[in-house]
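First up is the structure itself, then whatever we jot down about it.
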Amino acid sequence: DRQTLVAVLQFLRRSNLRESEEILRREARLLGDDLGTTALSPASAGLLAGSGSDADSGEALLGRGTGAAAVAIGGNAATVATSSPGVAAVAAVPPVKGEARVRCGVCPSSRREARGLWPLCACWPFQTEQLLLLAGAFAVGGAVAVEDQPDVSAVLSAYNQQGDPTLYEEYYSGLKHFIECSLDCHRAELSQLFYPLFVHMYLELVYNQHESEAKSFFERFHGDQECYYQDDLRVLSSLTKKEHMKGNETMLDFRTSKFVLRISRDSYQLLKRHLQEKQNNQIWNIVQEHLYIDIFDGMPRSKQQIDAMVGSLAGEAKREANKAKVFFGLLKEPEFDVPLDDEDEEGENEEGKPKKKKPKKDNVGSKSKKQDPNAPPQNRIPLPELKDSDKLDKVMNMKEAARRVRLGPECLPSICFYTFLNAYQGLTAVDITDDSSMIVGGFADSTVRVWSVTPKKLRSVKTAADLSLIDKESDDVLERIMDEKTASELKILYGHSGPVYGTSFSPDRNYLLSCSEDGTVRLWSLQTFTCLVGYKGHNYPVWDTQFSPYGYYFVSGGHDRVARLWATDHYQPLRIFAGHLADVTCTRFHPNSNYIATGSADRTIRLWDVLTGNCVRIFTGHKGPIHSLAFSPNGRFLATGATDGRVLLWDIGHGLMVGELKGHTDTIYALRFSRDGEILASGSMDNTVRLWDAVKAFEDLETDDFTTATGHINLPENSQDLLLGTYMTKSTPVVHLHFTRRNLLLAAGAYSSQ
């Protein structure tokens, strides 16, 4: 509001930050020199009182939070943390270049030189508009309190309105009539208002104990809402008394996170003019209090463009949320000239044709010599050093890659399906090692079962007494330490006390992760087939876990709505990624290990920066909880699958949806790109595996500046021309897919007799 803006502008002037003041004036369209003429509210005055004369000397403390952080602001620094479930935002006064940098407490260096006006740590960039978040916090209460959960009564008290309850239906139907009679180009955009207004007006009536009016309002208008909000409306219909609202998570989410609507300036002006003419303050108050309207200049979007992007718990993502730079390129591969030559000569000498070696070596060399311009710096995050065994494995991988089948529309992969028969324990998770030698199943009876899928059986290391007798200098020492007496095709791992929902092999095949309803993630040794560590951090069921492509790091996500980044040698998580409004249902590392994607029951996908802990992308468009994620091998694209049966394709660099694959009729639990990225395979609860042409899906993308700025995406009408094949199982839902190093597709699931 104006008072808060004036307070911030006065503060900037006192701190001698003239250029920042000018930027904010232009943003807020306050161009006159009228700072002295506006009386300040007590809260805004409090903002200035803290800055005082010591603005230059450092950090003036303005408010003491009840939790982990307080708000500090001054000529040299500003640090704010807000921690309500829907918000993970930090705001600061913007320097000259429209980007503030805030010290986050997690980056290794304490301070670096700023790029703008202030000497701040360079690990946390934020956009100019977020200054208003900070201002809003002061306007509300003079200080920002940081708590794990918002104070319920404070959250609900915003519904203390004095409007006439009998007129709510009239207000809503009046707006509905106005929108339905407006021009086609505006109608689609303004129709987005129906759902959030309906929810907030209903909650206002319930909170103020107008129960009969609330019931009548709900019954009259709930049928007008879009079909993808039906699950949310079912929860809403159970809130009929003020008491019901106090412990309801869905209600709190809706109330604490502003619902985001993306609307063109023309449509917004039309709405504003209508509400002011009708003096419909009740609706205008809700729009200002509970909605965030992201206004863009240009043509209004069509119904199809809007439908593709909406559907999440909190509306669309703000455009600002997808503007941070993302290093989506791949890290430079290390070179292995000598071992590769030796290995190759051994293999080639039998035929006496060393000529074959040349192109293969060039191929490997060209991969490692060229640095991807979009790749992160090699040392951006510390990665584990390669052991000799890792180098040998990479050499094997390269040799396998030389024999890889090149897939495409004319050459589809063979599919080998592993069916778990008589899985009465209830199969809940599957993973396959990168070299396709082992398969693991997580089960509802809390066991983890590992099978060898090659003739080589699984063996444990000998006991300590037997190991002491072995000659450690012998060439075959790695073979001698294994105990032949323990050899078997199957090993069962006991330790969890609830269903196992996620499993993941380490890249070197020495370790296995499993996560469970018991709230723990366990690390198992595949040398001894025993549990090494139980990681306790989540308080509720953990739905998914995955190793980094480089090993050492792993990620977990659960019912507590956060994802956690761990290292195998730390008991505590290294990063906690908070921001989702519902369970984190699936997690996936980017191929360069610098980013983590998380899918959630709030129907959004978020991309997190491992180094800073920031959320750098928010993707909305799915109409149900997300259950599968897959990055393309080149790191540029992300495919996501959900309960709505759609596969959505995203351009990570531009932060845009670039494709929609329709065909499945049930939840998609498995997605995987072929090794060369030419084919995308999807597996679903509808008992099918479908193959899609990924090359065609990603060619000729419209990612010009206008599309990026406004989100005017143009998806192809029909995705059937991208579908290369559909393969039915008899009665087996597909829960996992895996391409071998030679591009054979492996699929897995448990036979269901229903």
Segment Q288-A567, extension gain: residue separation times 0.36 nm, minus the distance between their alpha carbons: 96.1 nm
Rg ratio (alpha-carbon, reference 2.2 N^0.38 Å) - segment 453-596: 1.19
Cα-projected label distance for K696 with W451, points at 7 Å along beta-carbon direction, nm: 3.5 nm
Pairs from K391/K457; K394/K457; K323/K623; K399/K462; K387/K472 whose Cα-Cα separation, in the structure shown, is over 21 Å: K391/K457; K394/K457; K323/K623; K399/K462
Exposure of R617 as accessible area (Å², to 10), given a probe of 1.4 Å and all protein chains: 0 Å²
Mean Cα-pair separation over length for segment 165-301, i.e. relative contact order, pairs under 8 Å, 6 or more apart, %: 31 percent
Rh by Kirkwood over Cα pairs, then Stokes-Einstein D for segment 451-534 at 1.567 mPa s and 4 °C, µm²/s: 91 µm²/s
Tally of Lys pairs whose C-alpha atoms are under 20 Å apart, taken over segment 165-301, 8 or more apart or cross-chain: 8
Where segment 163-243 is the region considered: accessible area per residue in Å², 1.4 Å probe: 45 Å²
Segment 637-754, Rg to Rh (Cα coordinates; Rh as Kirkwood inverse mean 1/r): 1.01
Segment 165-301: mean projected area of Cα convex hull, nm²: 7.9 nm²
nm² value of the averaged projected area, convex hull over the Cα atoms of segment 413-468: 6.1 nm²
Percent accessible area from carbon and sulfur atoms, segment 392-499, protein chains only, probe 1.4 Å: 53 percent
Inter-label distance for N16 and E180, nm, one decimal - labels placed 7 Å from Cα along Cα-to-Cβ: 6.3 nm
FRET efficiency estimate (nearest 0.05) - Cβ-Cβ, A28 to Q209, R0 51 angstrom: 0.85
Segment 556-644: chymotrypsin sites (Phe, Trp or Tyr not before Pro) falling in loop per DSSP and having at most 12 other Cβ within 10 Å: Y571
Probe 1.4 Å, protein heavy atoms only - accessible area per residue of segment 613-675 in square angstrom: 23 Å²
Cα pair distances of segment 524-619 binned at 5 Å [whole percent]: 3, 14, 25, 26, 18, 9, 4, 2, 0
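The values are calculated or read from the model by the stated rules, or taken from the named source; none is laboratory data. As the structure is a prediction and not an experimental result, all values here were calculated from the model. Here Cβ is always computed from backbone atoms with ideal geometry, including for glycine, and neighbour counts include all displayed protein chains. What goes into the accessible areas is simple: the full protein's heavy atoms, side chains included, and nothing from ligands, DNA or RNA. Shrake-Rupley method; radii C 1.70, N 1.55, O 1.52, S 1.80 Å.
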